[in-house]
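Input: a single structure, listed below in structure tokens.
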Amino acid sequence: MEKYVLLSRPRLGKITDSTALFLGKKGQRVHPGRLASHVHELIEKTRLGKTGSCHIFRHAFATVLLENGCDLRHIQAMLGHAKLETTAIYTHLNMRDLKAAHEKYHPAKVIKEKRNGTVLPSEKDQLQFQF
């Protein structure tokens, strides 16, 4: 964003709306509907079989934060949600991660590892999956 604001935005010509982040060719604020439409067109051009608009970036942002261990309440604050349940809708656990967590933390495996003297997952790893 910083690069856009410093390098690309000034080349748009006379800026008539200095508070807007995205500007059109005439230096005016881009209408949110037009931005969403443009992003939708770009997604379709990828031919990945995905649909969506700007909202897809919001969902991806929340999902990547969660997958990298960010606390759900922090994600809630960043997205501006009043209820944690609303944030949970944006995030999902993929089956690979769910399976890995099951294999790593299932009580039967933990008990077996204790008997065999195997090193258990660190406390940090265990806390990562608590919401």
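Observations
- Residues within segment 6-29 that are within 22 Å of Leu79 (Cα to Cα) and either surrounded by fewer than 13 Cβ atoms within 10 Å (Cβ to Cβ) or in contact with a Phe, Trp or Tyr (Cβ under 8 Å, 6 or more places away or on another chain) (or both), tallied: 2
- Only one of Val64, Val39 that is surrounded by 13 or more Cβ atoms within 10 Å (Cβ to Cβ), part of a helix (DSSP H, G or I) and not charged (D, E, K, R): Val39
- In segment 42-56, the residue that is farthest from Ala20 (Cα to Cα) out of those that are exposed (fewer than 14 other Cβ atoms within 10 Å of the Cβ) and modelled with pLDDT of 85 or more is Arg47.
The values are calculated or read from the model by the stated rules, or taken from the named source; none is laboratory data. All figures in this text were calculated on a predicted structure; none of them were measured in a lab. FYI the Cβ positions are ideal-geometry reconstructions off the backbone, even for glycines, and counts take in every protein chain you see.
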